[in-house]
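Here the structure is laid out as structure tokens; the discussion comes afterwards.
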Amino acid sequence: MTDVRAPEADPFESPAEPDEPGRAHRDPAGGALGLAGWLKWGWRQLTSMRIALVLLFLLALGSVPGSMLPQEGTDPGGVQQYYTSHPALAPWLNHLGLFNVFAAPWFAAIYLLLFASLVGCVVPRTFRLAGSARTLPPRAPRNLTRLPRSAEYPTTLAPAEAAEVAATVLAGHGFRLRRPGSDSNHGDDEHWVSAEKGYLREAGNLLFHLALLGVLVSVALGGLFGYKADRLLVQGTSFSDTQSALDEFYPGRFVTAHDLGPFTITLNRFDASYITSGNQRGQPSSFDARVSYTAQPGGPARTFDLQVNRPLPVDGAKVYLIGHGYAPVFKVTDSRGQVVYDQATPFISGTSGNFLSQGVVKVPGAQPEQLGFTGVFVPTAIEVGGVLESVFPAADNPVVSLIAYAGNLGLNSGVTQSVYEMNTAGMHQLTSAPQLLQPGQSLKLPDGQGTITFTGYVPWVSLAITHDPGQLPALICGLAALGGLLLSFMVRRRRVFVRARASGPGTTVQIGGLARTDASGGFEDEFASLAAELRSAHSQHEGE
Amino acid sequence: MLKSRRRPVFVAAAVCAAAALAVVLLTGLAGGGNNGVTHVAGSNSAVLYPAGHRPAAPDFTATTLTGSKLAFSAYRGQVVVVNFWGSWCAPCRQEAPVLAVTAQQYRPDGVSFLGVDVRDDTASALAFTRQFGVPYPSISDSGSTITLDFTAVVPIAGTPTTLVIDRTGHIAGAVFGTATQQELTDILAQVMHS
């Protein structure tokens with residue numbers, strides 16, 4: 001009868017795969033450590049899981065001001081504003097690098113330490129795991145009945161033959177075997193088979209750790225060799241992917257303007273549709289930017305339907321549709337009747353909703369004085385108590401409200417200005433109250449200074465161009481890490497030992513087995529069926 | 001135990017050191033190789049390309065602000081000053097009088113000037129040329145395609161940028177940023193006598 005015993009203990013010795021091998025045991029203050037000793041101690045501390053977790057936490061904590069305070073790179077205007085509203089606090093925050101967190105030395109220090117810590121943790125672990133995956137199973141213990149699972153039965157086969165049959169059966173099940181060989185000092189009376197299975201667990205563990213390193217390297221690759229850029233594009237116009245045509249350009253460490261893909265994009269048409277009824281009224285239902293593009297100068301023109309989450313892949317970069325708005329078209333004639341401005345001017349929607357947008361029209365070429373207008377574009381205008389409001393984001397009843405100025409725009413001094421802001425310090429207001437215009441209507445400026453006509457409006461889109469060479473490797477490594485983790489969770493290492501001892505005229509066969517108990521069950525059944533199979537194989541051979 | 005751990009620790013340290021070395025080397029390589037480009041005396045933004053290392057200017061045809069066709073190849077055999085500008089660009093407005101004066105001054109020597117009007121509308125651009133009395137033509141480059149062609153050979157980061165092209169159609173000098181009369185005179189002196 002196969003005798004399966006309950007486990008007494010888990011003697012699965014695992015010196016080959018310690019989780020945190022005695023790192024904190026050695027106290028540097030205890031012994032006389034030289035410089036090398038201190039360095040070694042420091043390195044061991046840095047690469048400990050504890051420090052890695054602390055660094056990870058610090059990294060997360062350090063990113064918090066980056067999302068709460070305006071940042072130089074993305075919102076320089078916001079930083080200026082913060083300076084004006086918090087004149088005492090702002091310089092201190094600036095000293096701490098809190099307006100440019102992701103470029104601050106302390107942030108880089110955390111990141112690099114974390115990187116070193118992870119590399120220092122993962123690389124030695126990888127070597128250990130690789131070693132562990134190569135090792136042969138241990139020699140069969142003397143008394144197999146002490147193992148968590150065991151069975152014992154007699155057979156008439158000779159011990160050597162019984163061991164041979166067991167080895168064949170176990171090899172057939174994909175076990176890695178060890179037999180008494182030259183290392184045996186017990187002579188010829190030893191007949192046993194050690195078998196181990198589940199090395200895939202170590203392979204999975206190895207894969208997970210290597211893939212983790214791969215993710216880190218991929219992220220670094222993206223940061224060093226990738227770039228991000230933004231561009232606002234008015235319907236009917238085009239731009240080329242060159243630094244001077246981009247509104248914002250954030251190159252990686254090793255990226256120069258030369259690395260930009262030489263493509264050109266034209267926005268042929270942009271449509272936004274909105275839900276017109278119900279409590280979702282005014283919510284967008286679709287955005288659709290139809291563009292044509294050439295991948296390089298002189299190349300064939302192709303068309304593409306750009307949508308949110310449907311970027312245009314071109315020349316290794318991806319072009320995303322990230323925003324849209326209205327660009328009212330103005331035509332300005334000056335005192336001499338000459339057209340000095342005739343273009344769509346992008347207005348930027350504020351927080352008030354429904355695309356109530358603000359912008360400025362700067363006419364530095366007007367004579368005798370430069371002209372400037374601050375304006376509000378209201379797509380669907382209604383007047384509530386003398387205040388213009390937009391009640392719907394689509395341009396159903398478009399109106400612009402303008403205040404006219406004349407004087408010096410400050411452009412000729414050579415100091416760069418934002419195209420969305422106007423410095424009225426050197427100007428005087430021409431109209432006392434905001435003047436409302438509908439498409440086609442004109443505003444005559446006093447004293448024959450000229451005329452401004454609101455001829456219509458066109459949509460604009462804002463595009464984000466990103467090139468991240470680390471994206472695909474990071475995805476692959478991420479999937480590999482997940483696969484490795486799953487393997488190491490699902491596969492258990494398990495060992496089966498068979499010993500054949502001469503007893504009287506026949507042989508006693510002992511089978512013992514053990515598995516890691518921390519993973520999913522099922523070894524009991526596996527062992528029982530193996531034991532049964534071994535037994536039947538032995539009795540089959542008895543008959544031959 | 002300690003002995004068996006020592007090897008992986010040092011391997012890890014070595015990997016880190018190698019990575020750091022690679023970063024340093026890459027940084028060094030990225031910054032190297034200037035091909036003998038020299039700066040005009042007293043200027044950070046004006047450069048001269050030595051003969052033999054002058055990048056060939058791209059050829060293009062475009063429409064001028066006044067609506068006529070212009071082929072850049074028609075300038076071959078002359079020294080041409082190409083200025084990238086926009087009416088919205090404040091430094092360009094500061095620079096415009098200098099360019100107008102220099103263009104008049106070098107006209108007898110056969111030096112041509114050509115403007116490339118970037119990201120602009122024609123009405124504003126023409127108002128600019130009237131206002132500053134710009135004596136030379138400008139082509140419209142609202143989509144920055146001509147800028148893109150030039151960026152393939154010289155690092156144009158924005159407006160204003162001024163390129164001086166020699167008689168063989170090669171870029172001999174450049175001012176990245178607002179050009180002064182001194183910088184233009186220095187570059188032109190080199191280019192006209194070579």
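Residues that are on the phi < 0 side of the Ramachandran plot and within 8 Å of chain A (Cβ to nearest Cβ), at least 1 per element: which helices (runs of 4 or more DSSP H) completely within region B:80-194 meet that? Steps first, answer last, please.
Working: elements: B:90-106, B:122-132, B:145-151, B:181-192.
The helices (runs of 4 or more DSSP H) meeting that bar are B:90-106, B:122-132, B:145-151.
The conditions are (1) outside the structural domain of A:A394 (by TED's automatic domain parsing); (2) more than 28 Å from A:A160 (Cβ to Cβ), and A:G504 fails exactly one of them. Which is it?
(2)
Mind checking which residues of region A:215-262 are part of a helix (DSSP H, G or I) and either within 11 Å of chain B (Cβ to nearest Cβ) or charged (D, E, K, R) (or both)? Before you say what the answer is, go through the steps one by one.
The initial filter retains those residues of region A:215-262 that are part of a helix (DSSP H, G or I), namely A:215-225, A:243-245, A:257-259.
Within region A:215-262, A:L216, A:V217, A:A220, A:L224, A:F225, A:Q243, A:S244, A:A245, A:A257, A:H258, A:D259 meet the criteria.
Working only within region A:458-478, note down all residues that are in contact with a strand residue (DSSP E or B) (Cβ under 6 Å, 6 or more places away or on another chain) and over 15 Å from A:G236 (Cα atoms).
Once the filter is applied, which keeps residues that are in contact with a strand residue (DSSP E or B) (Cβ under 6 Å, 6 or more places away or on another chain) and over 15 Å from A:G236 (Cα atoms), region A:458-478 yields A:A464, A:I465, A:T466, A:H467.
Quick check on my filter: what residues within region A:143-155 are within 53 Å of the chain's Cα centre (by Cα) and more than 30 Å from A:L206 (Cα to Cα)? Before you say what the answer is, go through the steps one by one.
Kept after step one, since they are within 53 Å of the chain's Cα centre (by Cα), are these residues of region A:143-155: A:144-151.
Within region A:143-155, A:L144, A:T145, A:R146, A:S150, A:A151 qualify.
Would you say A:V308 is modelled with pLDDT under 90 and more than 14 Å from every other protein chain (Cβ to nearest Cβ)? Give the derivation first.
Numbers: modelled with pLDDT under 90: yes; more than 14 Å from every other protein chain (Cβ to nearest Cβ): yes.
Spelling it out, A:V308 is indeed modelled with pLDDT under 90 and more than 14 Å from every other protein chain (Cβ to nearest Cβ).
Return the total of residues in region A:411-451 being assigned to a loop (DSSP other than H, G, I, E, B) and either touching a helix residue (DSSP H, G or I) at 6+ places or on another chain (Cβ under 8 Å) or within 14 Å of another protein chain (Cβ to nearest Cβ) (or both).
Narrowing region A:411-451 to residues assigned to a loop (DSSP other than H, G, I, E, B): A:411-426, A:430-434, A:438-441, A:449.
If we keep only those that are either touching a helix residue (DSSP H, G or I) at 6+ places or on another chain (Cβ under 8 Å) or within 14 Å of another protein chain (Cβ to nearest Cβ) (or both) too, we end up with A:411-423, A:426, A:430-431.
Counting residues in region A:411-451 that are assigned to a loop (DSSP other than H, G, I, E, B) and either touching a helix residue (DSSP H, G or I) at 6+ places or on another chain (Cβ under 8 Å) or within 14 Å of another protein chain (Cβ to nearest Cβ) (or both) gives 16.
Would it be correct to say that A:A480 is buried (at least 22 other Cβ atoms within 10 Å of the Cβ) and in a helix (DSSP H, G or I)?
Details: buried (at least 22 other Cβ atoms within 10 Å of the Cβ): no; in a helix (DSSP H, G or I): yes.
So A:A480 does not fit the description; no.
Check A:F373, A:F454 and return the single one that is under 21 Å from A:F270 (Cβ atoms) and touching a residue at least 12 places away in the same chain (Cβ under 8 Å). Don't jump to the end; show me each part of the working.
Details: A:F373 fails: under 21 Å from A:F270 (Cβ atoms).
Only one candidate qualifies: A:F454.
Please verify whether region A:493-503 includes one or more residues that are closer than 30 Å to A:I348 by Cα and not basic (K, R). Let's see the steps before the verdict.
So in region A:493-503, the residues closer than 30 Å to A:I348 by Cα come out as none.
No, that holds for no residue.
Here are some residues: A:Q243, A:Q235, A:Q283. Which one is out of contact with any Ser or Thr (no Cβ under 6 Å at 6 or more places or on another chain) and at pLDDT 90 or above?
Details: A:Q243 fails: at pLDDT 90 or above; A:Q283 fails: at pLDDT 90 or above.
That would be A:Q235, the only listed residue that is out of contact with any Ser or Thr (no Cβ under 6 Å at 6 or more places or on another chain) and at pLDDT 90 or above.
Run down A:Y326, A:Y293 and say which single residue is of a type outside the set (S, T, N, Q) and more than 14 Å from chain B (Cβ to nearest Cβ). So that I can check it myself, show each step before the final result.
Numbers: A:Y293 fails: more than 14 Å from chain B (Cβ to nearest Cβ).
Going through A:Y326, A:Y293 in turn, the sole match is A:Y326.
Quick check on this structure: which one of A:F270, A:F330, A:F355 is out of contact with any Lys or Arg (no Cβ under 7 Å at 6 or more places or on another chain), closer than 28 Å to A:Q417 by Cβ and in a loop (DSSP other than H, G, I, E, B)? Let's see the steps before the verdict.
On the way: A:F270 fails: in a loop (DSSP other than H, G, I, E, B); A:F330 fails: in a loop (DSSP other than H, G, I, E, B).
Every option except A:F355 fails the conditions.
Restricting attention to region A:98-117, which residues are part of a helix (DSSP H, G or I) and either away from chain B (no Cβ under 14 Å) or buried (at least 19 other Cβ atoms within 10 Å of the Cβ) (or both)?
Residues of region A:98-117 part of a helix (DSSP H, G or I): A:101-103, A:105-117.
Within region A:98-117, A:V101, A:F102, A:A103, A:P105, A:W106, A:F107, A:A109, A:I110, A:L114, A:A116, A:S117 qualify.
Just to be sure before I move on: is A:A133 surrounded by 16 or more Cβ atoms within 10 Å (Cβ to Cβ), small (G, A, S) and either within 14 Å of chain B (Cβ to nearest Cβ) or not in a helix (DSSP H, G or I) (or both) in the structure I sent?
Working: surrounded by 16 or more Cβ atoms within 10 Å (Cβ to Cβ): yes; small (G, A, S): yes; either within 14 Å of chain B (Cβ to nearest Cβ) or not in a helix (DSSP H, G or I) (or both): no.
Answer is no for this residue.
How many of the residues in region B:70-117 are among the charged types (D, E, K, R) and under 24 Å from A:N412 (Cβ atoms)? Even if it seems obvious, please write down each step before you answer.
The first filter runs over region B:70-117 and keeps only residues among the charged types (D, E, K, R), leaving B:76, B:93, B:95, B:107, B:109, B:117.
Among the residues that remain, those that are also under 24 Å from A:N412 (Cβ atoms) are: B:93, B:95, B:117.
Looking only at that region, the number is 3.
The values are calculated or read from the model by the stated rules, or taken from the named source; none is laboratory data. Fair warning: this is a prediction, and the values are worked out from it, not measured in the lab. All Cβ positions, even for glycine, are placed from backbone atoms using ideal geometry, and neighbour counts span all protein chains on display.
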